[in-house]
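See below for the structure under consideration.
The values are calculated or read from the model by the stated rules, or taken from the named source; none is laboratory data. All of these numbers come straight from a predicted model, not from anything done at the bench. Please note: Cβ atoms are built from the backbone with ideal geometry, for glycine as well, and neighbour counts cover all protein chains shown. Accessible surface is based on the protein model in full, side chains and every heavy atom, while ligands, DNA and RNA are left aside. Shrake-Rupley method; radii C 1.70, N 1.55, O 1.52, S 1.80 Å.
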Amino acid sequence: MLKQLISALVITSASLSVAMADNASLLTTLKQKYPATQFKTVKESEIKGIYEVVMGKNVAYTDKTGDYFLFGNLIRMKDQADLTKSKVEEANKLDFAKLPFHQAIKFVAGNGQRKIAVFSDPDCPYCKRFEHELAKLDNITIYIFENPITELHPDAIKVARQIWCSKDQQAAWRNYLINQQKPDAPSDCENPVNANIKLAQQLGLNGTPMSVLEDGKVNVGASSAVELDTLLNDAHAQVTGRK
């Protein structure tokens, strides 16, 4: 029995070594063939002969030659598991702790333990809907990074600056997005609006609203308060180690 166990372990170890070598070889091949693309990892997928490739913030699938690529989500039909979604989320994670929070409008509700950073355009209708949902949450710290999309809302950059220049930034933000009350502050004070626009571009946050959770996951769109509660709890548990 012991000999059989040792033999099985040896075979398994050898198989893993071969697989790792194949993955490393294909990764090298891909980098040589497509030098402009940032390839991070390669490993064999659940489909024999097809490899999962993490490239930049995307996940794709290729054969052992690297000549053909498949883009899309790989679904395991027996349990309807999306094998691509979690990999894409992981590839798109950001470092929450490194965000420049001094450039954000800060809201604290309850104990403020759960945290979220929101990149939001004051004239974006989805951002206004999202703000209604954010206002319903408790035990949360919200950092609003004003990110006006001037191509869609040319007046938003002035409004964003006026909100930042207001004596009460929190009230000015929510009064505008929730109560349709325009800020009456000037727009020429020192403000981080242009820096936030540049930051969003650097992070690949090309729309609004887009949120970064504590664990680095990016949430796109105007989620409901119920959905956000679950996301925030999961992210906080990941960061604190509490389940």
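Isolated cysteines of the chain, defined as having no other cysteine beta carbon under 4.7 Å away, do not occur. Taking other residues whose beta carbon is less than 13 angstrom from the beta carbon of PHE69, and scoring Lys, Arg as +1 and Asp, Glu as -1, yields -1.
For the chain, a Gaussian network of Cα nodes joined below 10 Å ranks ASP215, ASP188, ASP123 by mean-square fluctuation, and the top entry is ASP188. At a probe radius of 1.4 angstrom, the accessible area of the range 139-231 per residue rounds to 49 square angstrom. What is the sum of charges around ALA225, taking Lys and Arg as +1, Asp and Glu as -1, for the other residues whose C-beta is under 9 Å from the C-beta of ALA225? Overall, the nearby charge balance is -2. This model, with +1 at the C-beta of Lys and Arg and -1 at the C-beta of Asp and Glu, gives the chain a dipole about its Cα centre of some 580 debye. Taking one quarter of the surface of the convex hull spanned by the alpha-carbon atoms of the range 76-216 gives a direction-averaged projected area of 9.9 nm².
Around the Cα centre of the range 76-143, unit charges on the Cβ atoms of Lys, Arg, Asp and Glu (plus for the first two, minus for the last two) sum to a dipole of about 180 debye. For the chain, hydrophobic long helices are taken as DSSP H runs at least 30 Å long by C-alpha position along their axis with mean Kyte-Doolittle hydropathy of -1.0 or more; these are 2-33.
Between ASN73, ASN233, ASN196, the GNM of the chain built on Cα springs shorter than 10 angstrom shows ASN73 fluctuating the most.
Over all pairs of different C-alpha atoms in the chain, the reciprocal of the mean inverse distance, the Kirkwood hydrodynamic radius, equals 20.8 Å.
Of the cross-linked pairs LYS31/LYS78; LYS40/LYS64; LYS182/LYS217; LYS85/LYS198, those separated by over 24 Å at the C-alpha level are LYS31/LYS78; LYS182/LYS217; LYS85/LYS198.
Considering only GLY56, GLY72, GLY207, the Gaussian network model of the chain with Cα springs below 10 Å gives its largest mean-square fluctuation to GLY72. All other residues whose Cβ lies under 12 angstrom from that of ILE105 are scored, Lys and Arg at +1 and Asp and Glu at -1, for a net of -1. Legend: P(r) of the range 155-241 from all alpha carbon pair distances, 5 Å bins from 0, whole percents, reading 3, 13, 17, 17, 19, 18, 10, 4, 1.
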